[in-house]
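Below is one structure; the comments refer to it alone.
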Protein chains: 2
Amino acid sequence: MLALVHLSTALLTDHYELTMVDAARRAGTADRGSVFELFTRRLSGARRYGVVAGTGRLLEAIDRFRFTDTELDFLKSRGVVSDGTLDWLANFRFSGNIWGYPEGEVFFPGSPLINVEASFAEGVLFETLALSVLNYDSAVATAASRMSHAAKGKPLAEMGSRRTSEYSAVAAARAAYIAGFSATSNLEAGRSYGIPTMGTAAHSFMLLHDSERAAFEAQIATLGTDTTLLVDTYDIEQGVRTAIEVAGTGLGAVRIDSGDLPVVVARVRQLLDELGATQTRITVTNDLDEHTVAVLAASPVDSFGVGTSVVVGSGSPTMGMVYKLVAHEDEQGNWVSVAKKSADKVSVGGRKRVYRRLNSRGIAVAESIVVNDGSHSSVSQSKQPSTKTAEGREILVPLVTNGEVLLDHTGTAGIAAARERHRQRVAELPAVAMSLTRGDPAIPTEYV
Amino acid sequence: MLALVHLSTALLTDHYELTMVDAARRAGTADRGSVFELFTRRLSGARRYGVVAGTGRLLEAIDRFRFTDTELDFLKSRGVVSDGTLDWLANFRFSGNIWGYPEGEVFFPGSPLINVEASFAEGVLFETLALSVLNYDSAVATAASRMSHAAKGKPLAEMGSRRTSEYSAVAAARAAYIAGFSATSNLEAGRSYGIPTMGTAAHSFMLLHDSERAAFEAQIATLGTDTTLLVDTYDIEQGVRTAIEVAGTGLGAVRIDSGDLPVVVARVRQLLDELGATQTRITVTNDLDEHTVAVLAASPVDSFGVGTSVVVGSGSPTMGMVYKLVAHEDEQGNWVSVAKKSADKVSVGGRKRVYRRLNSRGIAVAESIVVNDGSHSSVSQSKQPSTKTAEGREILVPLVTNGEVLLDHTGTAGIAAARERHRQRVAELPAVAMSLTRGDPAIPTEYV
C-alpha cells in the first residue's frame, strides 16, 4: 500500500517468532538451511477450490520488514530477545528464496502456496505476517470468485469496507478485484492499488433533503443524469417515478437496497420500461452473497454491490492456512524432511513441486504434488513462471530470489496479471467447481 | 497506533461519502445541522450482549482524518469531487461534537453507540471509518468477553494474528484485552497499545533440532526453566517426561496444541504430578472457542491461548452496525427527526439519551432510550461521564467536543479504563447474559 510504504512491518508478528530466533542463535541452529511451507489442510466452508490472494501484498510487506530503532527499542524495553539478537535483527535483510503459487491461481488442500527457503532464523520470522496476509486475502478472494461466477458476467462492486476493519477493507477490495469484481467503494484501494472506485449517495443524503425530489435534483445537479439514484428511501415505485421525472429517461441507474429483491426488481424493470427509461440500469445492494447473487442473476438486475459477505469471506473469514517447517539441514548439513507427528494435524514433510494435470480438453483433473526428500538439489524449481511439461502446468513460480523481491508480482501490474490469471485458471476447472453447495474439492490432490 | 500516527486516514472511506458532500455543497444543504447515529438493529450471532470496542482507535483515526496533498491529488485525478469541494476538503477539520458509549461498555439492539452532531458534510465523512473500526473491534470484544467469562478466571492469551489481516490483528489484540484477555502474541499491539505480549516456541523449533530433547535444551538455555515447553510434537507423554528431565520440576509450563484436550490435559496433569512437577502449569492452544474453553475450564488447565475464533468474532466476524442520519435542520433551520421508511430496515429517528436501568440489587434490567424530537436543546447530554440519576446510569459520554478529541478515551490510559469498565459492566448483567446459547438480549431495549 503506497501510503504505508515507508513503515516497518517487522512487529506485525508473533512474540514467539523472535524468541525462537533468539534460542536458535544461542543453540547454533539458527543458520540451518530450512524450507517452510504455507498450505491449508482443507478448504474452509467445504468450498470446491480456493483462490490465492495477498501474494503481492506479502512481497511488499517483506520489503518493509526492517527492524529500525523504534522496533528495536520496543523489543529491548520488553526484554523479548537478548542484545546479541537485537544486533542480528538490526542487520536483518531477507537473503533467501521464496517460490509460490502466483496470485490469482486456484488451490486445493495441501497446495504449497508459499515456500520459503532460507536459514531457520530468516524463514521463521515471516510466519505470522505471511499467514495474516494470505489467510485473509485468500478468504475474500475465494468468496469473491464464487460471487463472480454466480453473477454470470454482470458486474459486481465490492462495498464492504464498513464491515471489516479499516485496513482489511483495503485488502478486501484488492482481493475481490483479483477474483473478478469490477470496482470498489474504497478510496484507499483506488489510491494504493489503482482499482476503479464508485458510489453516489446513501439514504442519509435522501433524508437530509426536504423531499426525495429535492435530493434527486441535488444529486443530478452535481453528478449528472448518468448517476445512480437510490429509490427505496420511502416508497420504491414512487421513488422510481420521481427519479425519471427529475432525471428524464436518460437516467443512468436506480439502486435498490431493501425488500424482496427478485419481486421488487421485476416490478422496477417493468415500471422503468413503462416510463420509457428502457436503458436505465438496476443495481441492487441488499446484504447479497453468492447465493442471492445467483438467484438474482436471472432477474433483470444489471449490476450488484456486495458488502458484508465478501469482506468476511461469506461464512469463512479465514482460510485456516498454516506455515510449517518441512525440511532442514541437520548438524552434519544433511537435509531431512520433517513433520509434526500428532494424529490430528498431519503435514507432509519435504520439498515439493506442483503440477496441475490437465486432460486433453484442457480441463484440470488433479493437483499433482511431487514430494522430494529435502536434499538441496531437489529444490531446483523452474525459475520460469508456469511452464507446461508432460506432467501438466508447473505451478510454483519464483517470488523472491536471493532476497530480491520479483517486482512483477507487486503493484498494479501484479494485480492486473493476477486478475487475468484468476480468470484463466477458474475457466480450466471442471464444472463441479462452480457448485455453490458444500462438497469435496473440485480436483483431488495427489502426492507423487 | 503509534507507528501510524502521522498517516492520514481520510481515504479509508467510501467514494460516496465524498460525492454526497459534493452534491450537498452545491445544493446548499451541506451545512445543515445533523445528528448521525451508529447502532445495530440486532446482536450478531443471537448473543446476549455486545461489547463496545474501537472507540479509542476511532478517536485516534479521526484526529488523523486530514486531506493532504496526496489524498487531494488522488481525488482530483479520478474526478471524484469538484474543485470547490477539493478546497473544502483541504481545509477540513472536524468541528462538531461526538457522544458515545464509552469503550468497554456493553450494548444492546438500538443502543446509540456513537452520536455525531455536526453539519451534514462533516458528519457524513466519518460514516465508513466509524463503522469499520467499531464493527470489527466490537465483534472481537463481544466474542472475547464470552471467552473471558467461560474461562472462569483462568488467563486467556490472544494468539490469532495469523488468522486475520495484519492490521486487524493489532486491533483484535487490543479489543480482546479490553474484554478481559490478559495478553497477546502480537508485538505491534505491545508497542502501540502497551498490551503484555507472550510466546515461546512453535513446532518448527522442535522439528529444527535433532531431537525433542535438544530443542527443549536450546529453549531453556535462552528462556530459562520458567518457560513454556511445547510437548506435543511427537508423543505427548514422552514429551512431558523429557521436558521435566531437561528443565527439572521447576519448569514453568507445558503447552498442548493437539489431541482430545480434556483427556490429554487430565493425563498430563497426572503425569506432571507423578514426576514431582506439581507447580508446572498446563496451557492449551488447540482451536479453542468459548464453548471449548467452558468445557476445559473445569479441567486442570491453567491458561488458554485462543487464536482463530477470537479474531474472527467466533462465528460473527462483524457486528452489523449501521450509521444513520436521525435528525437534521430543514431549510428554515427547524430540527426534524428522520428515518428510512422501508419495512425491513427500521430505524428510530431523533436524538437519544440512554440510561441503563438497574434494580435495587444493582442488576441491569433495561436499556432505556429516551427519544427526543431532534431540537437542539434536547441534545444536551451530560458533559460528565456516566452519571447516575433516578432513571439509572446515563450511558452516553462526550468523546469529541467542538472538534477536540477527549484524550482520556485514547491511548493506553483509555484502554486500561475500558478494560476496567468492561469488567464492571459485565458484572452488572443478569445471569442469563452469561449463557453461551443463542437467544434474546439479556435485557430489553425500551424507548421512552
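Quick look at the numbers
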quantity	calculated
Per-region count, region B:206-222, residues touching a helix residue (DSSP H, G or I) at 6+ places or on another chain (Cβ under 6 Å), open to solvent by 30 Å² or more (accessible area, probe 1.4 Å) and facing chain A (nearest Cβ under 8 Å)	3
Residue satisfying all of: in region B:279-311; under 15 Å from residue B:255 (Cα atoms) and open to solvent by 40 Å² or more (accessible area, probe 1.4 Å); farthest from the chain's Cα centre (by Cα) among these	B:279
Residue match in region B:167-177 (condition: among the basic types (Lys, Arg), touching a residue at least 40 places away in the same chain (Cβ under 8 Å) and closer than 21 Å to residue B:287 by Cβ)	no
Residue in region A:343-389 that is farthest from the chain's Cα centre (by Cα), counting only those that are at positive phi and at pLDDT below 90	A:374
Qualifying residue in region A:100-111 (condition: free of Cβ contacts under 8 Å to residues at least 12 places away in the same chain and either open to solvent by less than 10 Å² (accessible area, probe 1.4 Å) or not assigned by TED's automatic domain parsing to the domain that holds residue A:179 (or both))	no
Which listed residue is under 26 Å from residue B:196 (Cα atoms) and within 28 Å of the chain's Cα centre (by Cα), from A:61, A:53, A:90	A:61
The listed residue being at pLDDT 95 or above and closer than 17 Å to residue A:349 by Cα, out of A:111, A:82, A:95	A:111
Test result for residue A:118, open to solvent by 10 Å² or more (accessible area, probe 1.4 Å), aliphatic (A, V, I, L, M) and touching a residue at least 24 places away in the same chain (Cβ under 8 Å)	yes
Residue within region B:153-168 that is assigned by TED's automatic domain parsing to the domain that holds residue B:86 and of a type in the set (Ser, Thr, Tyr) present	no
Some residue of region B:152-162 being assigned to a helix (DSSP H, G or I), at pLDDT 95 or above and hydrophobic (A, V, I, L, M, F, W, C)	no
Residue match in region A:221-230 (condition: part of a loop (DSSP other than H, G, I, E, B) and under 28 Å from the mean Cα position of the chain (by Cα))	no
Failed item in (1) β-branched (Val, Ile, Thr); (2) more than 7 Å from chain A (Cβ to nearest Cβ); (3) without any contact (Cβ under 8 Å) to a residue 12 or more places away in the chain, with residue B:242 passing the rest	(3)
Condition check for residue A:184: open to solvent by 20 Å² or more (accessible area, probe 1.4 Å), of a type outside the set (Gly, Ala, Ser), touching a Lys or Arg at 6+ places or on another chain (Cβ under 9 Å) and under 20 Å from residue B:75 (Cβ atoms)	no
Region B:12-28 residues that are closer than 14 Å to residue B:123 by Cα and assigned by TED's automatic domain parsing to the domain that holds residue B:66, paired with ones that are surrounded by fewer than 24 Cβ atoms within 10 Å (Cβ to Cβ) and modelled with pLDDT under 95 (beta carbon under 6 Å, 6 or more apart)	none
Filter result for the condition that a residue is touching a Lys or Arg at 6+ places or on another chain (Cβ under 7 Å) and either over 30 Å from residue A:199 (Cα atoms) or of a type in the set (S, T, N, Q) (or both), over B:145, B:119, B:138, B:111	B:119
Lone qualifier among A:314, A:337 - being of a type in the set (S, T, N, Q), in contact (Cβ under 8 Å) with a residue 40 or more places away in the chain, buried (at least 17 other Cβ atoms within 10 Å of the Cβ) and within 14 Å of chain B (Cβ to nearest Cβ)	A:314
Restricting region A:249-285 to residues that are of a type in the set (Ser, Thr, Tyr) and within 13 Å of another protein chain (Cβ to nearest Cβ), the residue that is nearest to residue A:159 (Cα to Cα)	A:285
Residue match in region A:119-142 (condition: at pLDDT 95 or above, under 30 Å from residue A:181 (Cβ atoms) and in a loop (DSSP other than H, G, I, E, B))	yes
Residue list for region B:175-205, filter: in a helix (DSSP H, G or I) and more than 8 Å from chain A (Cβ to nearest Cβ)	B:175, B:176, B:177, B:178, B:189, B:192, B:193
Cross-chain or 6+ apart pairs with Cβ under 6 Å, region A:258-284 first and farther than 14 Å from residue A:295 by Cβ, then surrounded by fewer than 19 Cβ atoms within 10 Å (Cβ to Cβ)	A:258/B:344; A:258/B:345; A:269/A:300; A:276/A:249; A:277/A:249; A:281/A:302; A:282/A:302
Selected residue (criterion: surrounded by the most Cβ atoms within 10 Å (Cβ to Cβ)) from residues of region B:16-50 that are out of contact with any Leu (no Cβ under 8 Å at 6 or more places or on another chain), under 30 Å from residue B:109 (Cβ atoms) and among the aliphatic types (A, V, I, L, M)	B:20
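The values are calculated or read from the model by the stated rules, or taken from the named source; none is laboratory data. Everything quoted here is computed from the prediction, not taken from an experiment. Heads up, the Cβs are rebuilt from the backbone with ideal geometry, glycines too, and the neighbour counts pull from every protein chain shown. When the accessible area is computed, the model is the full protein with side chains, heavy atoms only, and any ligands, DNA or RNA have been set aside. Shrake-Rupley method; radii C 1.70, N 1.55, O 1.52, S 1.80 Å.
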